[in-house]
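Engineer: Before I ask anything, here is the structure I am working with.
None of the figures in this text is laboratory data; all of them are computed from the coordinates on show. Computed from a predicted model, the values in this text were never measured in an experiment. Neighbour counts run over all protein chains shown; Cβ positions are idealised from the backbone, glycine included.
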Amino acid sequence: MRKIVSSLLAFALLLSVIFAFGCKGADSGSMIEGLDTSKLIGEYTKELAGAKLNVFNWGEYISDGSEGSLDVNAAFEKLTGIDVNYSNYDTNEALYTKLSGGGASYDIIVPSDYMIERLINEGMVQKPDLSKIPNYKYIPEEFKNLYFDKNNEYSIPYTNGMVGLIYNKTMVEEAPKSWSSLWDSKYSGKILMFNNSRDSFGIALYLLGIDVNTASQAQWEACAEKLKEQKQYLQRYVMDEVFDLMESGEAALAPYYAGDCISMIENNPDLALVYPNEGTNIFVDSFCIPKSTQNVEAALLYINFMLEPEIALANAEFICYACPHTAVLADERYSLRDNEALYPKKKVKAEYFHNLDRDTLDLLARLWEDVKLY
């Protein structure tokens, strides 16, 4: 995933971080990497200086200093002396493969809801000590006790959103209302599709009116056939590639995460976003600490830092996803808090993906391979 806000907006946010509270911070030596540390809620010392923290996150899912934004990781490193080793993945399944393979060690990961449920069930994540994450108080009640972590024991929400359908208004005759537009021969060669099994099958399930968490082999097979029907019209399967293809006008239609769609629209005003009538996926991405981590204290400190109001605001502006953080949502500087794509006033029909049983997961993997090879 890539989330990039416009240069002007990002620069305005950076200026607000520096000047909104006056120049006192800068004069008193409390500025680090453009951040007024006097506004931080938590306590950050250098007791863990020299520790290495391995963070595994979605691609460009953090304010990183580009486009005039705040470099969150650099600020954390300067503040604590902890070295952040930051790497990316592009699907929940890629994250799971890395984590379960044992070839790499991570201290913080940011999976989505259904993957968190799976990791909990398989004993791959541990319970963080929330008393060491005081900024957890900013998590809204509606993002607590969710189905995948009913007692708030394993995960700390970072972002949320829905899957939308982005289209080019100059290439598509009228605003699509259905996922069936991704099967429309009029747009043959101009259609993109998710390059991951759960999201692609999810769209087929919605289109066919099937429960997205079904355990029926016949229903999954019907979806595979539907996806095979689509292939004749596809330009390609994509993840991060969607940005260049949609922004450049090389493609007309693509399903993608709403936050990323907003980024694409920022870069090409010919693009627009809709939520199809059949329904769509709603998701929450959360911080988790793997069972195998050797740096629990550093991980807890990092998560608390990410929940700092100033840091959460910088991230929310940069990545353009909905932000489950009460201080950000109340902040007048937050330019996206009235954005209809992120915070729709009209109810959108949406469902969470749940973890599937082992037999269904194996079936899905086989069917996805068949679809890709078809």
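Engineer: Which whole-Hz ³J(HN,Hα) couplings does region 362-374 yield from phi under the Karplus relation 6.51 cos²θ - 1.76 cosθ + 1.60, θ = phi - 60°, glycine and proline marked x?
Structural biologist: Listing the rounded values in order: 5, 4, 4, 4, 5, 5, 5, 5, 4, 4, 5, 8, 4 Hz.
Engineer: Distance between the C-alpha centers of region 89-140 and region 178-212? Whole Å please.
Structural biologist: One Cα centre to the other: 28 Å.
Engineer: Related question: Angle between the Cα long axis of helix 7-19 and the longest principal axis of the chain, 0 to 90 degrees, nearest 10?
Structural biologist: 20 degrees
Engineer: Helix-only mean residue ellipticity at 222 nm, the chain, DSSP H runs n ≥ 4 weighted -39,500 (n - 2.57), per residue, nearest 500. What is it?
Structural biologist: Result for the chain, helices only: -10000 deg cm²/dmol.
Engineer: To continue, here is another question. Project the alpha carbons of the chain onto their principal axes and report the range along each, largest first, in whole Å.
Structural biologist: 64, 45, 34
Engineer: Another one. What percent do you get for the relative contact order of the chain when only Cα pairs under 8 Å and 6+ apart count? Don't jump to the answer; show the numbers that get you there.
Structural biologist: Working: 676 pairs, mean separation 98.6, N = 374.
Answer for the chain is 26 percent.
Engineer: Related question: Out of Met239, Leu271, Ala298, whose Cα points farthest toward the positive end of the dipole of region 223-317 (charges: +1 Lys, Arg; -1 Asp, Glu; placed on Cβ)?
Structural biologist: The one lying farthest along the dipole's positive direction is Met239.
Engineer: If packing is taken as the mean number of other Cβ atoms within 10 Å per residue, what is the order of 365-374, 147-156, 237-246, highest first?
Structural biologist: Numbers: 365-374: 14.4, 147-156: 17.5, 237-246: 19.6.
Per-residue Cβ counts within 10 Å, averaged per peptide and sorted highest first, yield 237-246, 147-156, 365-374.
Engineer: Can you sort Asp184, Asp113, Asp357 from fewest to most other Cβ atoms within 10 Å of each residue's own Cβ? Write down the numbers at each step before the final one.
Structural biologist: On the way: Asp184 18, Asp113 25, Asp357 10.
Ascending number of Cβ neighbours within 10 Å: Asp357, Asp184, Asp113.
Engineer: Highest GNM mean-square fluctuation, the chain, Cα pairs closer than 10 Å: which of Gln217, Gln230, Gln126?
Structural biologist: Gln217
Engineer: Let me ask you something else. Name the residue from Leu53, Ala215, Asn73 whose Cα lies farthest towards the positive end of the charge dipole of the chain, charges +1 on Cβ of Lys and Arg and -1 on Cβ of Asp and Glu.
Structural biologist: Looking along the dipole axis, the top candidate is Ala215.
Engineer: Just the number: Rg to Rh for region 178-256, Cα atoms, Kirkwood Rh, two decimals. If you can, show how the numbers build up before the last one.
Structural biologist: On the way: Rg = 12.6 Å, Rh = 12.8 Å.
With Rh from the inverse mean 1/r over Cα pairs, Rg/Rh is 0.98.
Engineer: Moving on to the next point. Under a Cβ-only charge scheme (Lys and Arg +1, Asp and Glu -1), can you give me the dipole magnitude of region 44-172 about the Cα centre, in debye to the nearest 20? Don't skip to the answer; put the middle values down first.
Structural biologist: On the way: 11 positive and 18 negative charges, 29 e Å.
Taking the Cα centre of region 44-172 as origin, the dipole is about 140 debye.
Engineer: Then there's this: Based on the Cα gyration tensor of region 240-374, what are the three equivalent ellipsoid semi-axes, each the root of five times an eigenvalue, rounded to whole Å and given largest first?
Structural biologist: Gyration-tensor ellipsoid for region 240-374: 28, 26, 16 Å.
Engineer: Counting only residues 5 or more places away or on other chains, whose amide H sits under 5 Å from the amide H of Gly161 once H atoms are built in the peptide plane?
Structural biologist: Sorted by chain and number, the residues that satisfy this are Phe283.
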